[in-house]
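**Q** My questions all concern the structure below.
The values are calculated or read from the model by the stated rules, or taken from the named source; none is laboratory data. Every value quoted in this text rests on a predicted model; they were computed, and no experiment measured them. Backbone-built Cβ (ideal geometry, glycine too); neighbour counts: all protein chains shown.
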Amino acid sequence: YASFYDSDPDLHNNVVASRALEIRHPFRTHLWKYKSDRFIDTPKNRDKLWQKYEELVYVLKKKNYQELVNLMKPGIEETENYQGDPVERSWEKSILGHITALWDADDYDVYLKDRDDVELIISPDGGLFRFKIKEAANSMISPISIKAFGGRITINETFTLINGEIVVAY
């Protein structure tokens, strides 16, 4: 609704307006932005998160691409829809391609640090969380390391809690 009072010289160029907007954007980027439950630091929740790290190590050691994709959901799928080409699966192929390229190395192996060597990091709203190596200044230093081609890399996914299940957020 807008009204313009040009006929009254005292109200010249004054506008009285009100507006009601309803924006229904059909695309939501990631579940953790609007659907995740708050992660509470309890021994039970730490155990559940550690199991996810163990599961990831197991899949990486098996070198099973489809199991890796399944383990990375919903994060990989949602990021694909947001930043990639869902038909070509460009984001998935790009990100996971860095990992699968290591599978051909003669010295390929995956290691999980001792649980005593990690600490839990939780975002201020409790929606995102991960483990990191205690003495590392960088929050990206993961308890998971991959040895390949004479070097080592670490991968550290960020997790969220959706309907009571810990899943990869991105």
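**Q** Just name the residue that is modelled with the lowest pLDDT out of those in the range 124-141 that are farther than 29 Å from Asp85 by Cβ and in contact with a Phe, Trp or Tyr (Cβ under 7 Å, 6 or more places away or on another chain).
**A** First, pick out the residues of the range 124-141 that are farther than 29 Å from Asp85 by Cβ: 124-126, 129, 131-139, 141.
Right, trim to in contact with a Phe, Trp or Tyr (Cβ under 7 Å, 6 or more places away or on another chain) and you get 126, 129, 131.
Details: Gly126: 90, Phe129: 94, Phe131: 95.
Going through the qualifying residues, I end up with Gly126.
**Q** I need the strands (runs of 3 or more DSSP E) fully contained in the range 66-156, keeping only those with at least 3 residues that are in contact (Cβ under 8 Å) with a residue 12 or more places away in the chain and within 30 Å of Lys44 (Cβ to Cβ). Give the derivation first.
**A** Working: elements: 109-112, 118-122, 129-133, 144-148, 151-154.
It comes to 109-112, 118-122, 129-133, 144-148.
**Q** So which residues in the range 77-101 are of a type in the set (A, V, I, L, M) and either at pLDDT 80 or above or touching a Leu at 6+ places or on another chain (Cβ under 6 Å) (or both), if there are any at all?
**A** Within the range 77-101, Ile95, Leu96, Ile99, Ala101 meet the criteria.
**Q** Right, next: Of all residues in the range 32-65, how many are in a helix (DSSP H, G or I), out of contact with any helix residue (DSSP H, G or I) (no Cβ under 8 Å at 6 or more places or on another chain) and more than 15 Å from Glu165 (Cα to Cα)?
**A** 8
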